[in-house]
Each structure stands twice: as C-alpha cells, then as structure tokens.
Amino acid sequence: MSHRLLLAITDQALASSAVALAQEGEGLEVVDVVSDAEEVARALRRLDVDAVILHDALGAVPVLDLAREISASNPEVGIVLVAADESPDLLRAAMQAGIRDVVGLPLSLERLEASVRQAAQWSRALRDRVAGEESAGGALGGPIVAVAGAKGGVGTTTVATQLALAAARATPGRPVCLVDFDLAKGDVRAFLETPFRRSVVDLVEVAGELSVRHLQETLYTHELGFRVLLAPDHGERAEDVDSVVARNVLTAVKARHALTVVDLGATPSEASAIGAEMATTVLVVTTPDVVALRGVQRLRDLWRRLQVREDDGVVVLLNRTSRKLEVQPDLARKVVGIPTTQVTIPDDFGAFEAAVNTGSPGRVEDGKIRGAFAALAAEVAAPEADEDGRGDRNEPRSLLSRLAGERGQSSVEFIGLAPILIVLILAVWQVGLAGYTYILAGNAAREGARELSTDNTDEKGDRPYRERAKESLPGAWRRNAKVVIDPKDEARVVVDLKIPIVLPTFSGPLRITSRASSVSELEELPPSQSYTPTPTPTPRPKPKAERVRADR
Ligand SMILES: Nc1ncnc2c1ncn2[C@@H]1O[C@H](COP(=O)(O)OP(=O)(O)OP(=O)(O)O)[C@@H](O)[C@H]1O
Ligand SMILES: [Mg+2]
C-alpha cells in the first residue's frame, strides 16, 4: 500500500528534489505540491493525504502555527518538517505543534523515506483505530434527535448541547454528533468556545459525494467526547445550505454516528425543515409561559402546512420550570395538546452561568440540572433507541422488524433474532401437527367403528374395521397406526397414532389415542328397547255433508 504525500514547499529547487526522492522511495506517492499555507488547507480538504511535508520557510505564516492548525483540523494526517536547523529547541517546539519528525537539509532519500513512512503509518493506524472505535462504540446510523425552539431564547441550544453531552457521558465511546442547523445565527460555537473554523458551509461543494474524509475534516471533536458540525461564522452564508445540501449532510453525519442531535433553532429555514423531517424525534423546547406555548402550536401548524412533518414523534420539553411560576407543567401539558417529555428542566441560571461564560458545557455541575439532562438523554436518546431509530423515519417497517418491535434493523440484528424466530415457528408448527394427528385419530376411530357395526369379523388377516380405519389416514400416519378393538368393549375401536416430529415422515415417541364406538346391527337390542309400540289410529273428522245429515 502506498503512502500519499502532500509537499508544502515554496522553494522550487527543493520541491523538485523532494519529488524526485519520493519517486525513488518505495511506496511513496506525491499527490500534490503546494507553495503556501492557504493552498495546504485547500489541498487537505480536496485530497486524501497520509502525510504532509512542510518546509520551514513556507510563506508568511510561521510554519509551527500552520502545523498546529493542521493537527487541529486533520489530526489523522502525519506532519514532517523539513528544516535547515535541527536544534533541540526546534525539535521540542515541533513536537509540541504536533509534528511527527524533523528532517534536516540537504535532503537524503534515507532520512526522508524513514520519516515520511513513519508519519504515514501513524496516520493509517490512527484512522483504523478511530474507525474501529466507532463501530465498537455502538450502532452507527442511529437516531436523529432534532431540538427546535418554540420561540427564540427558550434554551434550544442549551438543551441540544447538554443533551449531546449527557448522551456521550452515559455511554462513553458511543459516537455522538451535535449539528448546528440554526445556520443564520447558530451559537453552538460560542457555547463550546472553539477556535475551530470549519463549518457545514465547507461541505456545500462536496455535498453530492460526501466521504468519510470530508466529514472527518469538518467535524470538530470536543474534548468531552462528542463531535460537532458547526454553523458558519458568517450568518449570510446560511443561504448556501439549501435543502439538498442539508439532507446530504445530515444523512452522512447520521451514517457515521450512533446519535445525532440537531439544533434547529427557532427560525424556520430550509435546513431546519430538513432536520425536522429527517429526525426520529423532534424535541420542541418551550418555557412555561403563554407566548412560548403558543409558539409550539405555531411551529406544528407551520410544519403541517409545509408538509415537513405531522405530530408523530414530536414531543415538547418544558425548560425553565419553577414552582414560583403561574404556568405549572401539568397546565402546560394540557395547553400544548401533544406529548411532553416526562423530564422538565428547572429554571436555574446559576447552574449554567460558568458553563456559558467559559464556553465549557461540562461546567454545569449542579446535580439537579445534570440529572435532568441525563434523564432526558435516557428518555429520548437512549442507546436502545438506536435500534428503534435506525434507518429513515419513513422507511417501511418489515414484518420481522415489527415482530421484534424494532424498526429498520440491520441484517446483523436479524441474524441474532433468526434462531429465536425459527424455534418459535417450529414450536407452532409442532403444536399444529399434534392437533392434526388428534383429528385424524378421532376420524379413523369413527370410520373403524362404523365398519365394526356392520361387520364384526376380527380374525387374523381379516379385520375389515382395521382396513377401513387405516384407509382414512394419510400415508405418513398409516404406517405406525395401531387399530384394535377395545378389550373392555367389543363395540369400540381404538386408534393409536404417533405424533410426527416437524415433518409427517419423522414419527416421534409421543402418541395420541382415540376411541369411537357404534351399536352393532347384528346384536339383539336390549329388552327395554326391543318393544316397538303400535301407534293408535287417530279418528278422521267426518266430511261436512255427513255432519249436516247426522244433525238432522
Ligand atoms: N433551564 C434554564 N435555566 C436558566 N437559564 C437557562 C436555562 N436554559 C437556558 N438558559 C439560559 O437561557 C439563555 C438562552 O439560552 P439558549 O441560547 O440556549 O437559547 P436559544 O433558544 O438557543 O436561543 P436562540 O433563539 O437565540 O438560539 C442562555 O443564557 C442560557 O444559559
Ligand atoms: Mg440557539
């Protein structure tokens, strides 16, 4: 497997000699040569690169700053610095900036090859590790929980951020992504105080063919264990994200995460409509006051009019609840008229203050508030919901998935479920076979008894009742059937059949016996029944003419 290199060298002569050496080296492929910092960023976005070779005299930007930026945005790319000076100070500073190795000038094939190979291998190992952790960390393609505001300022971003954090904390290693689709004025960036500049707008050009690499470059990995896709720094760029881009981006993010939390904000846009449409669950955040509660209704009506989504899967979350307020949760629940979450978030700005002011969501330390978000994550974004939410909201549910109470499950789960289903089907089939054998035995006994009532011959080789009973049985049952006259009652036929196992041809150890008797026509009737009374004739009424004559 060859290692892909990006050379960032301004000096033409040095660049050519580096290309020539790389071509001489085994398994090294130069994918591009760039000459300034901006081109490096563009090339990294465009190309699949394992290692970057940076020359220390690269344009105006200090090379160590550039290295720091590359390792923040592309942590999986190995960086090798080519420098005239190889002093211990430079080495230490280079390591701190995320550079894997420093190669001195003049370049030698041996040094360059060894450093680049080592950096590229490290990059590969890191990528494999990340991919492995993701798939081990939980099911990917998990549910999307969209968080929308009934009106501005009700705490939508606070809820979305804390929900993503609580879900990541609840199951460490579960890939969780927070997407800011409040594109015009999204402030997830401010809530997380990140210097990361990439945003969803960087995916616009490649939205039709989003690769893992594009996502890796554009998603910011927060130290608290979740990833973030930010809204653009400049609100006017929100227009670049139309519904096609929004759908492609959300589909790609969902495919790589076990849970995707989307902040839709409170202002309707093409992207927020797509978020609401694709979401497994939409949480509409409201505060317990009449204006915000009306906002819930207005948002639902809007989504219905625009055919974005019906009420199915839409739940209302009450934020900033307090005993001191006029509108208590029970009243608010009645007013909104659609399901609300069991969890409500108490009003306590003090609990959020440090987190908001320092841009570190982890600094919400109040037990009550943290507990409320943990409970909310368990209610709307628990890992079990992954299976339920996997696949598209509109994906039709297969019969098997309905049987298992699951939706859009993968074939892997089906394989786990298949043995149970097979055993269940076989058990039902076996019960059916036993029932059918019981019916056959009863029927054969009746046939035998009917024959016995007209012909009671029962000699070796001539047992008509037995012939008749067996004739009434299907072949598979006939072979093992026992037909005898009941030793206790000569007028009764006993039929004994083996219950087949799974297939009629495999007879099992269990048997079913049925008896039927019939009165023999050859036997004399008991005395009580042998007397047949002769009916007394009823006198017929005289014709009318005779009656008249007699009267005279
Ligand atoms: N439960 C709460 N108790 C006290 N303060 C809260 C609570 N929830 C949110 N806040 C505060 O309310 C303010 C607004 O929150 P946030 O930015 O999350 O609202 P928003 O709905 O996203 O606003 P916008 O419509 O501007 O996007 C923040 O200062 C936040 O700390
Ligand atoms: Mg917000």
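The values are calculated or read from the model by the stated rules, or taken from the named source; none is laboratory data. Keep in mind that this is a model prediction, so the values were computed, not measured. Virtual Cβ from ideal backbone geometry, glycine too; neighbours counted across all protein chains shown.
Brief remarks follow.
- Every pair of residues 6+ apart whose Cβ atoms lie under 9 Å, when the first sits in region 289-303 and is not assigned by TED's automatic domain parsing to the domain that holds residue 320 while the second is modelled with pLDDT of 95 or more and assigned to a helix (DSSP H, G or I): none
- Residue pairs meeting the criteria (Cβ under 6 Å; at least 6 apart or on separate chains; first at positive phi, in region 57-68; second surrounded by 13 or more Cβ atoms within 10 Å (Cβ to Cβ) and in a helix (DSSP H, G or I)): 59/37
- Inside region 477-512, residues that are outside any loop (DSSP other than H, G, I, E, B), more than 58 Å from the chain's Cα centre (by Cα) and surrounded by fewer than 19 Cβ atoms within 10 Å (Cβ to Cβ) make up a count of 2.
- Cross-chain or 6+ apart pairs with Cβ under 9 Å, region 443-461 first and farther than 14 Å from residue 514 by Cβ and in the same structural domain as residue 491 (by TED's automatic domain parsing), then assigned to a loop (DSSP other than H, G, I, E, B) and hydrophobic (A, V, I, L, M, F, W, C): 452/491; 453/491; 453/519; 453/522; 454/522; 455/522; 456/491; 456/522
- The residues in region 212-240 that are away from ligand 2 (no atom under 16 Å from the Cβ), in a helix (DSSP H, G or I) and either modelled with pLDDT of 90 or more or among the small types (Gly, Ala, Ser) (or both) can be counted, and the count is 5.
- Residues of region 363-391 that turn out to be buried (at least 16 other Cβ atoms within 10 Å of the Cβ) and either at pLDDT below 50 or not in a loop (DSSP other than H, G, I, E, B) (or both), as a count: 19
- Some residue of region 178-192 being within 23 Å of the chain's Cα centre (by Cα), away from ligand 1 (no atom under 16 Å from the Cβ) and under 29 Å from residue 345 (Cα atoms): no
- Filtered residue count, region 11-35, keeping only those that are in contact with a Leu (Cβ under 7 Å, 6 or more places away or on another chain) and among the charged types (D, E, K, R): 3
- Filtered by the rule that a residue be in a helix (DSSP H, G or I) and modelled with pLDDT under 85, region 455-476 gives 475, 476.
- Unmet requirement for residue 518, which otherwise passes all of (1) over 27 Å from residue 425 (Cα atoms); (2) at pLDDT below 75; (3) surrounded by fewer than 15 Cβ atoms within 10 Å (Cβ to Cβ); (4) assigned by TED's automatic domain parsing to the domain that holds residue 425: (3)
- Residue ID - surrounded by the most Cβ atoms within 10 Å (Cβ to Cβ), chosen from residues in region 157-202 that are among the charged types (D, E, K, R) and more than 16 Å from ligand 2 (Cβ to nearest atom): 174
- Filtered by the rule that a residue be under 15 Å from residue 269 (Cα atoms) and part of a loop (DSSP other than H, G, I, E, B), region 172-201 gives 181, 182, 183, 184, 185, 186.
- Restricting attention to region 245-277 and to residues that are among the charged types (D, E, K, R) and surrounded by fewer than 24 Cβ atoms within 10 Å (Cβ to Cβ), the residue that is farthest from ligand 1 (Cβ to nearest atom) turns out to be 256.
To keep it simple, each residue is scored yes or no on (1) within 14 Å of ligand 1 (Cβ to nearest atom); (2) within 24 Å of the chain's Cα centre (by Cα).
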position	(1), (2)
296	yes, no
333	no, no
337	no, no
340	no, yes
350	yes, no
353	yes, no
362	no, no
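- Any chance residue 245 is closer than 18 Å to residue 148 by Cα, among the β-branched types (Val, Ile, Thr), in the same structural domain as residue 276 (by TED's automatic domain parsing) and out of contact with any His (no Cβ under 8 Å at 6 or more places or on another chain): no
- Residue in region 323-331 that is surrounded by fewer than 16 Cβ atoms within 10 Å (Cβ to Cβ) and in contact with a Leu (Cβ under 8 Å, 6 or more places away or on another chain) present: yes
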